[in-house]
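Following: one structure in structure tokens, then a few remarks.
The values are calculated or read from the model by the stated rules, or taken from the named source; none is laboratory data. Source: prediction; values computed, not measured. Positions of Cβ are generated from backbone atoms using ideal geometry, with glycine treated the same way; all protein chains shown enter the neighbour counts. Just so you know, the surface numbers come from the protein's heavy atoms only, side chains and all, with ligands and any DNA or RNA stripped out. Shrake-Rupley method; radii C 1.70, N 1.55, O 1.52, S 1.80 Å.
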Amino acid sequence: KIELPLYAIDVDVTYSMLEFDLNWRQKIFSPKHDLRIGYTHSRYTANVGSFIVLGLPPLLVPASSDLYFIGNNISVTWGYNGIASSRYQEINPIGRKLELKYTYEFSKFNSTGDYVVTTTGLQPRYTQFNFHRLEARWAEHLPLPDRKHALTAVLRGGNIFGPTVDDFLDFYVGGLIGMKGYPFYSVGGNKFAMLNVAYRFPIWEDIDTRILHLYFDKLYASFYGDYGDAWNSDAARLKNFKKDAGFELRLEAYSFYSYPTRIFFNASYGFDRFTRVINGIPVTYGKEWRLYFGVLFGFELM
């Protein structure tokens, strides 16, 4: 058999993911407190096309399926939902939400990218990763004197305990669910902390207009800023923290008068330029506008 790193092979590769989640959920203490215990099994596969390894004689390696990540984790999540009930609670919530999540992960990953070439295809070399992960989120939605205006602060943080794990398993805090001024994978590490502050206000209430099957109800806007970073060292360096700012439009609608249809548009600008090396190639982020658009059942993604 011949040992050869994958990056030296000119080959067609496509990716697929299969994941199973099993959860048990129960209210505790009061209807506002929620306990969830879950197990997740993931299988990430790369389908590798046939290729030729040059040599004497040349070796034709047939197409194969490369299962490069086998993920398993057990999690316990406690959540508190203190959002006041009202017709505005989705588009402009008032109240408090807390979440604390502990995860134990025991997964196998081909972290080195090394493979053994055999007559039946490529066989990955797995590394076992066993570690504990803790993540917390605190969202505070405060009404202003005009209760249709609100100030929101969301504080998030997380830590992977023990030795530094491969960046495939990192926390990633960019993109729509985090620091919107930067791509999802641009800000990652074994630890992270970030703060989001937003001011939200109505633009048009009681729209009361129907177009085809859609009924439009309310339009709100917000201005916000994010401050945060992810890292691997023991201590955070504030000088490396990133900043962004932007605005969001939220349109609350209903389909066929029954199904919630929440439409949003988001534009964010990252103020800090930085470079990450990915597979030996430097990639620069920041100093650009990023735009998001979505149609969902709710506005809050986390």
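Determine how many Å³ per residue the convex hull of the Cα atoms of region 76-202 encloses.
Per-residue hull volume (Cα only) is 148 Å³.
Return one whole number: the accessible area per residue of the chain in Å², for a 1.4 Å probe. Write out the running numbers ahead of the final one.
Details: 17100 Å² over 302 residues.
Roughly 57 Å² per residue, with all protein chains present.
Roughly to the nearest percent, how much of the accessible area of the chain is carbon and sulfur, given a 1.4 Å probe? Each step should come with its number before you reach the end.
Values: 10350 of 17100 Å².
After summing per-atom areas, the C and S share lands at 61 percent.
Treating only the Cβ atoms of Lys and Arg (+1) and Asp and Glu (-1) as charged, compute the dipole magnitude of the chain about its Cα centre; round to the nearest 20 debye. Don't jump to the answer; show the numbers that get you there.
Numbers: 32 positive and 30 negative charges, 146 e Å.
Dipole magnitude for the chain comes out near 700 debye.
Which of A193, A235, A63 ends up with the largest GNM mean-square fluctuation for the chain, with Cα atoms connected below 10 Å?
Looking only at A193, A235, A63, the biggest GNM fluctuation is shown by A235.
Enter the accessible area of I203 (Å², nearest 10), with the probe set to 1.4 Å and all protein chains included.
90 Å²
Starting from the eigenvalues of the Cα gyration tensor, five times each then square-rooted, give me the equivalent ellipsoid semi-axes of region 130-286, largest first, whole Å. Can you show the working numbers first?
Values: eigenvalues 249, 58, 50 Å².
Each semi-axis is the square root of five times an eigenvalue, giving 35, 17, 16 Å.
Treating each Cα of the chain as an identical point scatterer and ignoring solvent, apply the Debye formula and state log10 I(q)/I(0) at q = 0.07, 0.08, 0.15 Å⁻¹.
The computed values of log10 I(q)/I(0) come out as -0.37, -0.48, -1.30.
What translational diffusion coefficient, to the nearest whole µm²/s, does region 61-109 have by Stokes-Einstein, given a Kirkwood radius computed over alpha-carbon pairs, a temperature of 37 °C and 0.692 mPa s viscosity?
On the way: Rh = 14.9 Å.
In µm²/s, the coefficient is 221.
To the nearest 10 Å², what's K287's accessible area with a 1.4 Å probe?
Rounded to the nearest 10, that gives 100 Å².
When the Cα centres of region 268-300 and region 6-54 are compared, how far apart do they sit, in Å?
Measuring centre to centre over Cα atoms gives 23 Å.
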